[in-house]
1. Hey, what angle do you get for helix 77-88 against the long axis of the chain, alpha-carbon based, 0 to 90 degrees rounded to 10?
2. Lysines within cross-link reach of Lys41: Cα-Cα under 24 Å, excluding same-chain residues under 8 positions apart?
3. Hey, if you put +1 on the Cβ of every Lys and Arg and -1 on every Asp and Glu Cβ in the chain, which of Ser57, Pro377, Met115 ends up farthest toward the positive end of that dipole?
4. Going by alpha carbons, how many degrees (0 to 90, nearest 10) lie between the helix axis of 305-327 and the longest principal axis of the chain?
5. Say R0 is 25 Å: what FRET efficiency, to the nearest 0.05, do Val324 and Thr61 get from their beta-carbon distance?
6. Please report, in whole Å³, the volume per residue of the convex hull around the C-alpha atoms of segment 154-202.
7. Along the positive direction of the dipole of segment 234-378 (beta-carbon charges: Lys, Arg +1; Asp, Glu -1; about the Cα centre), which of Pro310, Ala246, Thr330 reaches farthest?
8. Would you please name the trypsin sites (Lys or Arg not before Pro) within segment 75-104 that are DSSP coil residues with at most 16 other C-beta atoms within 10 Å of their C-beta?
Amino acid sequence: MKKQGIDRRDFIKAGALLGAGFMAVGALPSIGRASSYTPVKYSDVMDMGPEDMAKASGPVTASMRYIEKTVASIRNPVIRSGVQSILDNPAPTIMEGLGTKEKKEVYEELSASGMVKDVALEDFLPQAKDAAKSPQPFLSAPGSGYGSHHAYPGGVVTHTALNLRASLALYEGYRDIYDYLLDRDVVIASQALHDLHKPWVFQWQDNGESRTELSLAGTGEHHTLSVAESFYRGLPASVCIAQACAHNHPGFENDEKGPVNWISTAAKLIGKDAAAEGWLAPDGSTLPQPRGMENFVCHLGDHDWILTVPAAHWMIPQMKEIAVQKYGLTEADLDGKKFNQLRNYVFSQATIMGLYHLYANQGKDALTDTVLSIVTPA
């Protein structure tokens, strides 16, 4: 996108069109304000799968529609189709070229450079039965580890929708206040894909928990694997580099080391040299310069976790108390499927943030009544 020498009248006209376009893709509907749910029996919840829970959720399905409409507004057809294909099937295609020998070689290379620590070879990279098919739909994946933010079926969807809204608000703010016209396509694509491999990393287990995430290149493995996937599928470097900045920004030397490590590690996973490909500066020590503003917007947009992590820490114990008091679960049950299925369904229907808002403003009794209105003990 041409960013310099743009006529002021054209700039205002473009801004108005883009603003109208964003309104047209649909502001996310207000969800959860009318606390009414179609109750299901606890016994029925025990037999539900994560995808069933996500599909039954108003917040999750509305968030998915918002993501899809926003992605559909991407103007560049190559970027738009690339993002849509990943959301439709976030398969770990990066595993196509990683046979037993290649995986061992990459593991040893990354271990030698300090990008893999305290992870055994057999645990390096999540299990992938089929490199051409995602272990689960994007719709049903949690937003993080089982004790962290959006830890419920569909959590990655509500998390991504919120981050997209924040990123587009930043896009509009920089446009309106500074006359800084960012690449809107890159802003949307990088944020929509920033957690694309959570369906792979956080696969649901038989006990109702999600898989425990390991570390890769100094951050949760989903991040580096997601960046690698975007590069491997041929998305523009500008999108992939901005996506890599979700977990840290390149504004200061120590902070920029994060994106540099994630990009260089992603490149090694797919058999590429990041500097030679132009994904890093020629010496490999920084991002390509001048650094794109979209990199910072992706990072700033991915801050839903600031409140949602502690909200999860506060709500999970409350759910345990309710499970014991109202559903007859024992303390032992709280560490297994009997509790996990209950919390997964309740959280997926009301969201952790929705329940925390209720608890913070109306108290424990209102929280308990809402949980009982979602799942009846009988």
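1. The helix 77-88 is inclined about 30 degrees to the chain.
2. Candidates past the 8-residue exclusion: Lys55, Lys320, Lys326, Lys337, Lys338, Lys364.
3. Toward the positive end, the furthest listed residue is Ser57.
4. Here the helix axis deviates by roughly 20 degrees.
5. It comes to 0.20.
6. For segment 154-202, the hull spanned by Cα atoms encloses 54 Å³ per residue.
7. Thr330
8. Numbers: sites: Arg75, Arg80, Lys101, Lys103, Lys104; in loops: Arg75.
Passing sites in segment 75-104 are Arg75.
The values are calculated or read from the model by the stated rules, or taken from the named source; none is laboratory data. As the structure is a computational prediction, the values presented were derived from the model and not from experiment. In this analysis, Cβ positions are derived from the backbone assuming ideal geometry, glycine residues included, and neighbour counts consider all displayed protein chains. To get the accessible areas, we keep the full protein, side chains included, count just its heavy atoms, and leave off ligands, DNA and RNA. Shrake-Rupley method; radii C 1.70, N 1.55, O 1.52, S 1.80 Å.
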